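Engineer: Before anything else, here's the structure in question.
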Amino acid sequence: MALCGGTVSSLREQIAARPAADAAVLPGALTAAVVALSLAAGLTALFARLGPVSATPAAVGWWLPLPAERRGLLRGELRRSVGLAVAAALTVGVPVVLAWTRTPAGVLAGLAAGALLAVIAVAVLVVRQAGGGGGWVPPVAGAVAAVAVVGPAVAGSVVARLDVVLPDAAGRAWSLPAPLASGVLAVLLGLAVLCLVLADRRLADLPAGALRASGETAQYATASVFSLDTRELGRALGTTVRRPRRPLAWRWVRHPWQAVVAGDLAVLARSPWRWGQLAVGAALPVLAARTEGLAGLPALVAVTVVLGWWLAATSLGEPSRRASAAPAADRGLPLGGAAVVWARAVVPAAVLAGVCGVSALLIGQGTGAPAAWLVLGVVTAPAWAGAAVRAGYRPDLDWSGPVLASPMGAVPVGVSSTLVRGPDVGLLGTAPVALALLLGAVPWWLVGAALLWSLALGALAVGTARPPD
Amino acid sequence: MVLLAAEQLSVGYGDAPVCAPVTVSVAPGTAVALVGPNGAGKSTVLQTMVGLLPPLAGTVRFAGGPVDERDAGFRRSVAGVLDDDAFFPSLTGAEHLLLTARAHGVADAEQVVAAELAAFGLTDRAGALPSALSSGQRRRLALAGALVRPADLLVLDEPERRLDTAMRRVLADRLAALVDAGGAVLFASHDPAFIGTLADLALVVGEDECPVVAPEDAVAALQEG
């Protein structure tokens, strides 16, 4: 007890003496804007995936063949999509607008501009949907979202390295003269009305096949949300794998476990969307660490570390999720059930070592000992790899047992323990990084402890993950 | 020597058996057909015999030991087509076969895969992802996946399903040759010609009893309806 008490007391003194972060160079308003841009791009991709106008298979079968104008049947769907987009824009826009301006007129103008931009975006997506093209929208939006997070994080790290002081843009740069602001709003309003009229006219051109496809996706996603199945939600909204240009030969595969690794690498290589997730996952905590106001709050930076690295781990958990949903392919390999699960941790561990290492290196910029930060990130990877596999192979919710009433309907009693299966291990594995953030430095004893802790958690997570019977 | 043996095996879901208890064995160099009307329990018997479902009662043994579907040795020895979507969805058909062959240490894997693709008429679609194949093509790819690798026992659930007449004949002849070479096949089927070509014995799956009969008797029973 004396030893523990002494250690805690020593840590408290070190935390209290933590040096001030001097690598926080990005204005908070800028970070708020890029995060909002990233969220807006993500929402645009979501709306494009869901139509934005859709019809249930039943509606396509019963209503669309009727000798009635299709535009009237689909107008309600358009109104619903526009309403949802405006609500999302206002929700995302409030913190951004407040970060840039505090005057009532400025806040109202900013929110109005956000809402009008949302209307324009939905209307343009409907026109694109009617034209039959636009498969490029989700990937482009995903790329915008990734660049919006990665770009400022990298730029902030470079600026901090060069010791350049950026001007504070908030408050001064955004104080547009009232006539100009009114003019911008008037133009946006005109564009929104024009786009809405155009979208309304093009409703008649929406093909039944496209309406059915987006309706099925929306139904699948909605059912997944209400059954609290995030894995099914990912499948509903996930992008399809594209046909590879060159077939793989895998001459290096000599053992059955290498076949699992080869298959998992192919999943990653053929899903550019996942590369973006990995980049965003690595950059998100760096962005927080470079932002004025946030960098001085190590607990908040630690939260972004967990969020970012969980995003990266989730993107690498896709093979485990697929194998859990359809285990028959793995049964064709001469490898035991437990060995398959262990082999499935190889790719996440290798890739996360790079993601977490680079991310930690940049987070620790300005606190000295970059090698220690890099190694601390690398040794955290086994825990997150275990989290990816544990989450992918988690059992389905048990709806046969007792249920609880909730605002979303009945939910099984064990829902929370099932849903946190995976992130729980990652969260625990990140504790040494959080401690390093609190200390403002990475002592080497912490790196050693983190390695043992992470290996133990990773082994526990993978060892207790089981393919479905 | 018996490869797979079921003794008074009761199969079903929950605690309700779907058919009478089954006693049957499959030896190397033999093919055993499971016949019976739709819903008789043929697929449930197959899945229980390969360890995908727990038996309600009785025993099932593979090479003298208990069946453990998660065991590497069992997976190396037994190839099955029981599921329509037993594919790695990010791999093309040819890649799926190649990875399976390499995992099983098949020599000249690329040539073997090319030969299987040709045998199942999939050469033109070798570069397509499973999701881009028709249901019949996916069925042929699944069968090719079971035959591209070595196995002591093949377990097939209605292998003739979604195959045209010519392909059914090709498959039956191929499996018969495999049995002649010492392999074993356990399969469920509704196709009298397929059963007649391939089976050495037939297990008639029924509600009251599950007798093992000569394949001619099973075919006659099928043709009588």
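Engineer: Let me check against my output: what whole-number percent is the relative contact order of chain A, with C-alpha pairs under 8 Å and at least 6 apart?
Structural biologist: Numbers: 651 pairs, mean separation 85.7, N = 469.
Taking the mean separation of contacting Cα pairs over the length of chain A, I get 18 percent.
Engineer: Any idea what the dipole of chain A comes to, in debye rounded to 20, about its Cα centre with Lys/Arg Cβ at +1 and Asp/Glu Cβ at -1? Walk me through the numbers before you get to the answer.
Structural biologist: Details: 34 positive and 19 negative charges, 232 e Å.
Roughly 1120 debye for chain A.
Engineer: Here's another thing I want to ask about it. In chain A, which longest range has no trypsin sites (Lys or Arg not before Pro) that are both DSSP loop (not H, G, I, E or B) and surrounded by at most 12 other Cβ atoms within 10 Å?
Structural biologist: Between exposed loop sites, the widest span is A:255-469.
Engineer: Further question on the same structure: Taking every DSSP beta bridge with both residues inside chain B, roughly what % is antiparallel (nearest 5)? Don't skip to the answer; put the middle values down first.
Structural biologist: Details: 15 of 32 bridges.
Approximately 45 percent, going by the DSSP bridge assignments.
Engineer: Determine the gain in length on full extension of the stretch A:Thr56-A:Trp275; use 0.36 nm per residue of separation and subtract their C-alpha separation, reporting nm with one decimal. If you can, show how the numbers build up before the last one.
Structural biologist: Numbers: separation 219, 0.36 × 219 = 78.84 nm, distance 3.27 nm.
Extra length from A:Thr56 to A:Trp275 when fully extended: 75.6 nm.
Engineer: Now for a separate question. Modelling each spin label as a point 7 Å along the Cα-to-Cβ direction, I'd like the B:Asp164/A:Leu297 distance in nm, to one decimal.
Structural biologist: Result for the modelled spin labels: 6.7 nm.
Engineer: Under the rule that an exposed site lies in a DSSP loop and has at most 16 other Cβ atoms within 10 Å, name the longest stretch of chain B with no GluC sites (Glu not before Pro) of that kind, not counting the sites themselves.
Structural biologist: On the way: sites that count: B:Glu207, B:Glu209.
Excluding the exposed sites themselves, the longest stretch runs over B:1-206.
Engineer: Would you tally the net charge around B:Ala188, using a Cβ to Cβ cut-off of less than 13 Å, leaving B:Ala188 out, and scoring K and R as +1, D and E as -1? Please list the in-between numbers first.
Structural biologist: Details: positive: B:Lys42, B:Arg161; negative: B:Asp157, B:Glu158, B:Glu160, B:Asp191.
Summing Lys and Arg as +1 and Asp and Glu as -1 gives -2.
Engineer: Moving on to the next point. Could you work out the Kirkwood radius for segment A:28-237, taking every pair of different alpha carbons, averaging 1/r and inverting it, reported in Å?
Structural biologist: By the Kirkwood definition, the hydrodynamic radius is 19.0 Å.
Engineer: Report the paramagnetic label zone for A:Ala459: residues of segment A:337-361 whose backbone N is under 18 Å from a point 7 Å from Cα along the Cα-to-Cβ axis.
Structural biologist: From segment A:337-361, the list is A:338-346, A:349-350.
Engineer: Now for a different question. Gaussian network model of chain B, Cα springs within a sub-10 Å range: biggest mean-square fluctuation belongs to which of B:Asp157, B:Asp108, B:Asp191?
Structural biologist: Ranking B:Asp157, B:Asp108, B:Asp191 by mean-square fluctuation puts B:Asp108 first.
Engineer: Taking R0 as 35 Å, what's the FRET efficiency between B:Ala181 and B:Asp124 from their Cβ-Cβ distance, rounded to 0.05? Display every interim value, and only then the final one.
Structural biologist: Numbers: r = 29 Å, r/R0 = 0.83.
With a Förster radius of 35 Å, E is 0.75.
Engineer: Let me ask you something else. Quick check: convex hull of the Cα atoms in chain B, volume per residue, rounded to a whole Å³? Show your work: numbers first, answer last.
Structural biologist: Values: hull volume 27.5 nm³, N = 225.
Normalising the Cα hull of chain B by residue number yields 122 Å³.
Engineer: Can you list the chymotrypsin sites (Phe, Trp or Tyr not before Pro) in segment A:222-270 that are in a DSSP coil and have 12 or fewer other beta carbons within 10 angstrom? List each step's numbers first, then the result.
Structural biologist: Numbers: sites: A:Phe226, A:Trp250, A:Trp252, A:Trp257; in loops: A:Trp250, A:Trp252.
Qualifying residues, ordered by number: A:Trp252.
Engineer: For the protein assembly as shown, what is the accessible area per residue in Å² when the probe is 1.4 Å? Could the numbers behind the result be given before it?
Structural biologist: Numbers: 31460 Å² over 694 residues.
Each residue of the protein assembly as shown exposes 45 Å² on average to a 1.4 Å probe.
Engineer: Only four residue types carry charge here, +1 at the Cβ of Lys and Arg and -1 at the Cβ of Asp and Glu. Report the dipole size of segment A:28-237 about the Cα centre in Debye, rounded to the nearest 20.
Structural biologist: On the way: 15 positive and 9 negative charges, 51 e Å.
So the magnitude is around 240 debye.
Engineer: Full extension from A:Ala87 to A:Val193: what is 0.36 nm times the residue separation minus their Cα-Cα distance, to one decimal in nm? Mind dumping the intermediate values first?
Structural biologist: Working: separation 106, 0.36 × 106 = 38.16 nm, distance 1.77 nm.
Separation in residues times 0.36 nm, less the Cα-Cα distance, equals 36.4 nm.
Engineer: Over its Cα atoms, what ratio of radius of gyration to 2.2 N^0.38 Å does the protein assembly as shown give? Spell out each step's value before the answer.
Structural biologist: Values: Rg = 30.0 Å, N = 694, 2.2 N^0.38 = 26.4 Å.
That ratio works out to 1.14.
Engineer: Using the charge dipole of chain B (Lys, Arg: +1 at Cβ; Asp, Glu: -1 at Cβ; taken about the Cα centre), state which of B:Ser90, B:Ala177, B:Cys210 has its Cα farthest towards the positive end.
Structural biologist: It is B:Ser90, whose Cα lies furthest towards the positive end.
Engineer: Run the numbers on segment A:28-237 and let me know its relative contact order in percent, using alpha-carbon pairs under 8 Å that are six or more apart.
Structural biologist: 40
Engineer: Also, quick follow-up: Each label point is 7 Å from the Cα along the Cα-to-Cβ direction; what then is the distance between the points at A:Ala369 and A:Ala178, in nm?
Structural biologist: 5.7
Engineer: Oh, and also: Of the beta bridges DSSP finds with both residues in the protein assembly as shown, what % are antiparallel, to the nearest 5? Let's see the in-between values first.
Structural biologist: Numbers: 19 of 37 bridges.
Of those bridges, close to 50 percent are antiparallel.
Engineer: Oh, and also: On a 1.4 Å probe surface of the protein chains, which of A:Thr418, A:Thr230, B:Thr23 comes out largest in accessible area, and what is the full order?
Structural biologist: A:Thr230, B:Thr23, A:Thr418
Engineer: Taking H as built 1.01 Å from N, whose amide H comes closer than 5 Å to the amide H of B:Ser10, not counting residues under 5 places away?
Structural biologist: Amide H neighbours of B:Ser10: B:Val22, B:Leu56, B:Ala57, B:Gly58.
Engineer: Still on this structure, please answer the following. Expressed as a whole percentage, what fraction of the accessible surface of chain B belongs to carbon and sulfur atoms when a 1.4 Å probe is rolled over the protein heavy atoms?
Structural biologist: Here carbon and sulfur together make up 51 percent of the probe-accessible area.
Engineer: A further question on this structure: For A:Arg251 and A:Leu452, what is the calculated FRET efficiency with R₀ set at 35 Å and r taken between the beta-carbons, to the nearest 0.05? Present the calculation step by step, with values, prior to reporting the outcome.
Structural biologist: Working: r = 37 Å, r/R0 = 1.06.
According to the calculation, E is roughly 0.40.
Engineer: Full extension from A:Ala350 to A:Val225: what is 0.36 nm times the residue separation minus their Cα-Cα distance, to one decimal in nm?
Structural biologist: On the way: separation 125, 0.36 × 125 = 45.00 nm, distance 3.17 nm.
In short, 41.8 nm is gained.
Engineer: Which of the chymotrypsin sites (Phe, Trp or Tyr not before Pro) found in segment A:395-469 are in a DSSP loop and have at most 15 neighbouring Cβ atoms, other than their own, within 10 Å?
Structural biologist: On the way: sites: A:Trp399, A:Trp444, A:Trp445, A:Trp453; in loops: A:Trp399.
Listed in order of number, the matching sites are A:Trp399.
Engineer: If you roll a 1.4 Å probe over segment A:28-237 with all protein chains in place, what percent of the accessible area is carbon or sulfur? Kindly include the intermediate steps, with their values, before the conclusion.
Structural biologist: Values: 7920 of 10810 Å².
Answer for segment A:28-237 is 73 percent, counting heavy atoms of protein chains only.
Engineer: How many Å² of accessible surface get buried when A and B come together, counting both sides, probe radius 1.4 Å, rounded to the nearest 100?
Structural biologist: Details: alone 23550 and 10510 Å², together 31460 Å².
So the total buried area for this chain pair works out to about 2600 Å².
Engineer: Continuing with the same structure: Could you work out the local net charge near A:Pro57, counting Lys and Arg as +1, Asp and Glu as -1, over the other residues with Cβ closer than 15 Å to its Cβ?
Structural biologist: With Lys, Arg at +1 and Asp, Glu at -1, the neighbours total -1.
The values are calculated or read from the model by the stated rules, or taken from the named source; none is laboratory data. Bear in mind the structure is a predicted one, so any value in this text is a computation, not a measurement. Neighbour counts are summed over all protein chains in view; Cβ atoms, including those assigned to glycine, are modelled from backbone coordinates with ideal geometry. Accessible surface is based on the protein model in full, side chains and every heavy atom, while ligands, DNA and RNA are left aside. Shrake-Rupley method; radii C 1.70, N 1.55, O 1.52, S 1.80 Å.
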